[in-house]
Amino acid sequence: MSSFDENLNAIRGRMNRAASQASRQASDITLVAVSKQQSQDRIQAALDAGHRVFGENRVQEAHDHWAGMAERYPDLQLHLIGPLQTNKVKAAVAIFNTIQTIDRPALADEVMKEIYKQWRHIYCMVQVNIGDEPQKSGVSVQGLPALLKHCGDIGLVIDGLMCIPPLNDAPEKHFSALRDLAEDYGLPQLSMGMSDDFETAIAYGATHVRIGSALFGDRGQ
Ligand SMILES: *Cc1c(COP(=O)(O)O)cnc(C)c1O
């Protein structure tokens, strides 16, 4: 067994316990393995372990890691979890299955345009700057209704909300705030929780947890 296998078993066990404590089905929670800054060997070990859902935060790096892989692994699912510039939308729509980081109307427009052009089905979520941090991407809580309305107007289906809570804050209030927003707008999916706080996120309703280092080991090794 590779260390990815062992880590995957351990994380799955913790996800199962967190789900049952919250009276939820573990099968309702998707484990997005965040492969940014990981070596191709570690990524291959993850694929060999049977894992198929991965997250990347940069379009170029996603192409470096994953170009051509969808032919070999047809059930591969790639999630973009980092900020997206409009000039990278074409490349992003070509490789990702889910874009979790829609955060402004111009980006929604561009994604919709590329979905039509490339005739690809892409799932989308809106990233919310839940801690209202000036340096962080994501739409503000105040800006969310207008952005969702815009997406509705142009026909871009939004499946859920995503957030990265402030680093130095207890995550609970941010997870519960995101859950309440998703409920208000009838959005079924919630991407929240990383290596250090995914069990808490599951308690607050996460449907997608994004886990990097706890699965792959430290980045850049
Ligand atoms: C890197 C990253 C993660 C994974 O972080 P870990 O602490 O390694 O689990 C999750 N979400 C986003 C948006 C990231 O950029």
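The values are calculated or read from the model by the stated rules, or taken from the named source; none is laboratory data. Worth saying up front: this structure is predicted, and the values here are computed from it rather than measured. Because the Cβ atoms are built from the backbone with ideal geometry, glycine has one as well, and the counts that use them run over all protein chains shown. Just so you know, the surface numbers come from the protein's heavy atoms only, side chains and all, with ligands and any DNA or RNA stripped out. Shrake-Rupley method; radii C 1.70, N 1.55, O 1.52, S 1.80 Å.
Which is open to solvent by less than 10 Å² (accessible area, probe 1.4 Å) and either over 14 Å from Gln127 (Cα atoms) or touching a Ser or Thr at 6+ places or on another chain (Cβ under 7 Å) (or both), of Met194, Met162? Show your work before the answer.
Values: Met194 fails: open to solvent by less than 10 Å² (accessible area, probe 1.4 Å).
One residue alone meets the criteria, Met162.
Taken together, Gln142, Gln127, Gln135 contain a single residue that is in contact with a Pro (Cβ under 9 Å, 6 or more places away or on another chain) and either of a type in the set (S, T, N, Q) or assigned to a loop (DSSP other than H, G, I, E, B) (or both), which is Gln127.
Each residue in segment 197-221 was checked for being in a helix (DSSP H, G or I), in contact with a helix residue (DSSP H, G or I) (Cβ under 9 Å, 6 or more places away or on another chain), of a type outside the set (Asp, Glu) and open to solvent by 20 Å² or more (accessible area, probe 1.4 Å), and 3 of them qualify. Scanning segment 112-120 turns up no residue that is over 17 Å from the mean Cα position of the chain (by Cα) and either at pLDDT below 95 or crowded, with 22+ Cβ neighbours inside 10 Å (or both).
Do we find a residue being under 11 Å from Leu215 (Cβ atoms) and out of contact with any helix residue (DSSP H, G or I) (no Cβ under 8 Å at 6 or more places or on another chain) anywhere in segment 21-36?
Filtering segment 21-36 for residues under 11 Å from Leu215 (Cβ atoms) gives 31-35.
If we keep only those that are out of contact with any helix residue (DSSP H, G or I) (no Cβ under 8 Å at 6 or more places or on another chain) as well, we get 32.
Checked segment 21-36: at least one residue is under 11 Å from Leu215 (Cβ atoms) and out of contact with any helix residue (DSSP H, G or I) (no Cβ under 8 Å at 6 or more places or on another chain).
Out of all the residues in segment 132-146, is one or more more than 13 Å from the ligand (Cβ to nearest atom) and in contact with a His (Cβ under 7 Å, 6 or more places away or on another chain)?
Just the residues of segment 132-146 that are more than 13 Å from the ligand (Cβ to nearest atom), to begin with: 132-135, 139-146.
In the following step, the residues that additionally are in contact with a His (Cβ under 7 Å, 6 or more places away or on another chain) were identified as none.
No.
With respect to the conditions (1) open to solvent by 10 Å² or more (accessible area, probe 1.4 Å); (2) free of Cβ contacts under 8 Å to residues at least 60 places away in the same chain; (3) within 17 Å of Thr30 (Cβ to Cβ), Cys124 lacks only one, and its number is (1).
Of all the strands (runs of 3 or more DSSP E) wholly in segment 12-97, which have at least 1 residues that are of a type in the set (Ser, Thr, Tyr)?
Details: elements: 30-34, 53-56, 77-80.
Counting at least 1 such residues, we get 30-34.
Among the residues of segment 90-107, which ones are under 15 Å from Gln127 (Cβ atoms), in contact with a helix residue (DSSP H, G or I) (Cβ under 9 Å, 6 or more places away or on another chain) and of a type outside the set (D, E, K, R)? So that I can check it myself, show each step before the final result.
First, the residues of segment 90-107 that are under 15 Å from Gln127 (Cβ atoms): 92, 96, 98-107.
Filter once more, keeping what is in contact with a helix residue (DSSP H, G or I) (Cβ under 9 Å, 6 or more places away or on another chain): 92, 96, 99, 101-107.
Residues satisfying the conditions are Ala92, Phe96, Ile99, Thr101, Ile102, Pro105, Ala106, Leu107.
Which condition does Ala108 not pass, out of (1) in a helix (DSSP H, G or I); (2) under 20 Å from Leu187 (Cα atoms); (3) open to solvent by 40 Å² or more (accessible area, probe 1.4 Å), if it passes all the others? Every listed condition holds for Ala108 apart from (3).
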